[in-house]
Every structure is written in structure tokens, then in C-alpha cells.
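Only one structure is covered here, and it is reproduced in the block below.
The values are calculated or read from the model by the stated rules, or taken from the named source; none is laboratory data. None of these values were measured; they are calculated from a predicted model. Cβ: placed from backbone, ideal geometry, glycine included. Neighbour counts: every protein chain shown. Surface areas here come from the heavy atoms of the whole protein model, side chains and all, with no ligands, DNA or RNA. Shrake-Rupley method; radii C 1.70, N 1.55, O 1.52, S 1.80 Å.
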Amino acid sequence: ITMSALALARSRAFASKAAQFKNLRFYTGPEIEFEHLSSGWSNVEDLEEFKKSGRYALQTFNKISPQGLATYPKEEYDVEAYADANGRPAHALMLRSHKLQEEEVGTSVRCIARCGAGTNNIPVPRMTELGIPVFNTPGANANAVKELVLCGLFLGSRRVIDGINHMKDLGEQGVARERVEKDKAMFGGREIKGKTLAVIGLGHIGSATARDGASLGMKTVGYDPGLSVESALNLPKTMTLVDSISSAVANADYISLNIPYIKGTPEEGGTHGIIGQAVVRHFKPDAVILNFARGELVDSDAMKGFLDAGDGRYISDFPDDLCWDHKNAVIMPHLGASTEEAEDQAVSYSYFPRYVNSYLSSLTAGVLSLSGMHGS
């Protein structure tokens with residue numbers, strides 16, 4: 001897989017969006033008056049009284065951090081769970097991992113806020129057609145995910161989990177004290193200092209992983225065809241950048257996957273199964289693969305073949321139907337952003353509340369005449 005694979009995926013995704021905009025047409029029908037605060041709210045009792053409050057209705061899916069929601073002032077927002085709304089409409093929807101269905105997006109909804117980086121659980125193309133923007137928070141959970149990647153780095157270096165389970169078994173048998181020294185040879189490992197860490201994808205999480213890897217004494221090599229200036233400035237000065245995934249993984253002891261999931265195979269411009277046999281055949285026999293990005297990036301058959309053939313490891317927080325019980329795999333729940341700090345930041349992160357509030361406020365400022373809209 002050369003530089004063109006991931007670059008092609010991104011360029012095709014951009015071209016697809018560009019084509020959507022290209023096909024937009026000016027509205028030539030009669031002028032339509034649209035009162036932002038209450039249009040689409042025909043089922044609200046005492047509508048006039050509600051309009052006097054001037055507050056936006058924000059409905060949430062999933063468990064949203066109370067500390068994060070506190071950044072949305074009560075005098076400006078009525079916040080409630082979608083499940084408790086009993087059909088009451090909303091100006092904005094906020095969610096984390098909930099897979100949003102179109103029928104959950106009422107005619108009153110003006111925008112959708114995704115507390116996290118990915119938006120694959122939201123039908124973005126359809127929302128675009130409906131003129132409903134989707135906000136997200138890239139980078140808000142970067143530190144939490146990076147720390148879990150580092151955890152995976154150590155789990156892949158030492159058979160810690162196997163050792164813990166073994167001690168539990170010995171404890172049940174009542175022989176832990178007499179066997180603890182004798183049996184430790186069963187769980188030998190290696191140190192990470194001086195080893196090579198390949199980071200595939202150098203965004204918020206990837207660049208942070210590379211920095212911390214370097215600070216632990218690792219050699220770092222990276223690949224990202226869409227590397228931004230901001231991310232480049234955050235990379236270790238000693239990091240080597242290469243022009244393909246295969247080149248990055250060829251001599252790596254540890255491989256961290258930090259690329260987005262895009263539907264379709266690499267040949268189709270997507271990233272589904274991008275870590276397939278064409279890449280896996282370049283792995284060192286004892287390489288440790290860390291996948292805290294998306295499970296669909298990895299071809300399970302190719303990964304299982306790799307684990308069966310050598311002493312490599314696969315560490316991930318995504319389910320895998322073939323590798324879940326492999327002795328050389330550690331599959332955990334999707335814990336990447338499951339910290340109090342990440343949950344707080346996902347809601348209140350930097351510009352997020354300001355963008356949502358600014359968007360809603362700008363629409364409420366006056367009557368929106370669709371005859372003057374050219375598409376957005």
C-alpha cells in the first residue's frame with residue numbers, strides 16, 4: 001500500500017463532497033419565511049409562551065458529561081435526554097456513540113453536535129441534503145486514546161494479562177506463593193526502549209503517540225499523506241517520515257494505527273481492510289499491532305494468519321470475530337475515550353459550545369428568506 005492508497009481515499013471523499021456542492025442549484029421558487037426559534041414546532045403547547053423564553057431546546061443521546069453540559073447556560077438552553085422528551089421537538093441534538101436515525105431528526109432540528117471526532121454514526125450526506133450541519137470535536141479525546149495506545153504498547157511487550165489470569169488460577173488452587181517465582185519464566189517479555197514504533201496516521205492521536213514513544217526512548221517512523229502543518233510541528237524531531245504504509249511497517253517492532261475509517265476498499269478509495277495481506281506480509285514476525293482507531297481497518301483473515309505464523313501480537317479495543325480468543329491477541333472493550341476528562345472535553349472542548357451557540361444565534365437573529373439562499 002503506497003502513499004496513493006490513503007491519499008486516494010481522502011481525495012475521493014473530498015471529490016464526492018465537491019460533486020454534491022457542484023450539483024446544488026439556486027432556489028427559484030416563491031419566497032419562504034422561516035421563523036427560526038419556533039418553525040416546525042406545531043405540536044408544542046403554549047407556543048407563544050415558549051417563544052418568549054428565548055431558550056434553545058437541546059436534546060441528548062447517550063450519557064453526556066454534566067460538567068460539559070454546564071457550558072451551555074440554563075438561561076439559554078433547555079437540556080433534556082431525547083428519551084425523556086416525549087416527542088417534544090429540539091433545536092439541536094447532541095450524541096456520542098448513538099447511531100442516529102433520520103426519523104429521530106425532527107423538522108425543528110437546526111444542527112447536530114457529535115461529542116467526539118468520528119461522524120460515522122450520523123447520516124452526514126442526508127443531513128447535508130437537509131441543510132443540517134454536523135459539528136464534532138476532533139482532538140478532544142486524543143490524550144485519552146493515546147494513553148490507551150501506550151497501555152497496549154506495554155501489554156504487547158509483556159504477557160501481563162496472561163500472568164494475572166495465571167495467578168488467579170494459582171490462587172484458587174492455594175499454591176500461588178510457592179509457584180509465583182517458579183512460573184514467572186512463562187511470561188517473559190521485552191523492553192520498548194530502543195525499539196521502533198511505526199505510527200500510521202499523524203493527526204491528534206498519532207502525533208501524540210509518536211511524541212510519547214520517542215520520550216520513552218523509541219525510534220519513530222511515520223506515514224500520513226495528509227499530514228497537516230500543525231501535526232508536523234508536533235512530531236518528534238528525530239522521526240522519520242516515509243511514503244507508504246509498507247515502508248513504515250517493514251522494520252517496526254510496534255505499529256500504531258491512527259487513520260480514519262472510510263467505506264470501501266483501498267482500491268475503491270476507502271480504508272476498509274487497508275491492513276490486509278499486502279501490508280501484513282511486510283510485518284516482522286514478532287511485531288505488535290496496536291489498533292485503537294477502527295476495527296474495520298484490519299482484515300481479520302490476514303491478521304489471524306499473521307498471529308498463527310509467528311510470535312506477533314494484536315492489541316485492539318474493537319471486536320474481532322476471528323482473533324478475539326487468539327493467545328496472541330488482546331481484545332478489550334472500546335475504551336479509547338472512556339475517561340471522565342475525555343467525556344467532559346468532548347462536550348465543552350474549545351470552540352464547540354461557541355460554534356453551536358453561534359450557529360443557532362445567527363439563525364435566530366431574523367427571518368430567514370430561502371429565496372436568498374444558494375445552498376450551503
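In region 115-134, how many residues are open to solvent by 30 Å² or more (accessible area, probe 1.4 Å) and not acidic (D, E)? Steps first, answer last, please.
Initial filter on region 115-134 (open to solvent by 30 Å² or more (accessible area, probe 1.4 Å)): 117, 119-120, 123-126, 128-131, 133-134.
Filter once more, so that each one left must be not acidic (D, E): 117, 119-120, 123-126, 128, 130-131, 133-134.
Of the residues in that region, 12 qualify.
One line per residue, one yes/no per condition, for (1) within 24 Å of the chain's Cα centre (by Cα); (2) modelled with pLDDT of 85 or more; (3) in a loop (DSSP other than H, G, I, E, B); (4) surrounded by fewer than 17 Cβ atoms within 10 Å (Cβ to Cβ):
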{"position": "V79", "(1), (2), (3), (4)": "no, yes, no, no"}
{"position": "G87", "(1), (2), (3), (4)": "no, no, yes, yes"}
{"position": "L100", "(1), (2), (3), (4)": "yes, yes, yes, no"}
{"position": "A144", "(1), (2), (3), (4)": "yes, yes, no, no"}
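Any residue in region 59-69 that is assigned to a strand (DSSP E or B) and buried (at least 19 other Cβ atoms within 10 Å of the Cβ)?
Among the residues of region 59-69, at least one is assigned to a strand (DSSP E or B) and buried (at least 19 other Cβ atoms within 10 Å of the Cβ), which makes the answer yes.
Sort out which residues of region 328-361 are modelled with pLDDT of 80 or more and polar (S, T, N, Q), and write them in order of number.
Listed by number, the residues that qualify are N328, S338, T339.
Could you tell me which of the residues E267, E296 is out of contact with any strand residue (DSSP E or B) (no Cβ under 6 Å at 6 or more places or on another chain), part of a helix (DSSP H, G or I) and under 15 Å from I200 (Cβ atoms)? Don't jump to the end; show me each part of the working.
On the way: E267 fails: under 15 Å from I200 (Cβ atoms).
When all the criteria are applied, what remains is E296.
Specify which of the listed residues (L368, L322) is at pLDDT 65 or above, over 26 Å from N62 (Cα atoms) and either of a type in the set (D, E) or open to solvent by 30 Å² or more (accessible area, probe 1.4 Å) (or both).
L322
With respect to T137, determine if the residue is surrounded by 19 or more Cβ atoms within 10 Å (Cβ to Cβ), in contact with a strand residue (DSSP E or B) (Cβ under 8 Å, 6 or more places away or on another chain) and in contact (Cβ under 8 Å) with a residue 12 or more places away in the chain. Step through it out loud before you land on a result.
Values: surrounded by 19 or more Cβ atoms within 10 Å (Cβ to Cβ): yes; in contact with a strand residue (DSSP E or B) (Cβ under 8 Å, 6 or more places away or on another chain): yes; in contact (Cβ under 8 Å) with a residue 12 or more places away in the chain: yes.
When the stated conditions are applied, T137 passes them.
So, in region 129-168, exactly how many residues are touching a Lys or Arg at 6+ places or on another chain (Cβ under 8 Å), within 21 Å of T60 (Cα to Cα) and not aromatic (F, W, Y)?
Within region 129-168, residues that are touching a Lys or Arg at 6+ places or on another chain (Cβ under 8 Å), within 21 Å of T60 (Cα to Cα) and not aromatic (F, W, Y) number 4.
Please note which helices (runs of 4 or more DSSP H) are completely contained in region 156-252 and include at least 2 residues that are open to solvent by 20 Å² or more (accessible area, probe 1.4 Å) and free of Cβ contacts under 8 Å to residues at least 12 places away in the same chain.
Per the criteria, 160-173, 176-179, 229-233.
Among the residues in region 274-283, are any in a loop (DSSP other than H, G, I, E, B), open to solvent by 20 Å² or more (accessible area, probe 1.4 Å) and in contact (Cβ under 8 Å) with a residue 40 or more places away in the chain?
Within region 274-283, none of the residues are in a loop (DSSP other than H, G, I, E, B), open to solvent by 20 Å² or more (accessible area, probe 1.4 Å) and in contact (Cβ under 8 Å) with a residue 40 or more places away in the chain.
Quick check on D286: is it surrounded by fewer than 18 Cβ atoms within 10 Å (Cβ to Cβ) and not in a loop (DSSP other than H, G, I, E, B)?
Taking the combined requirement at face value, the residue does not satisfy it.
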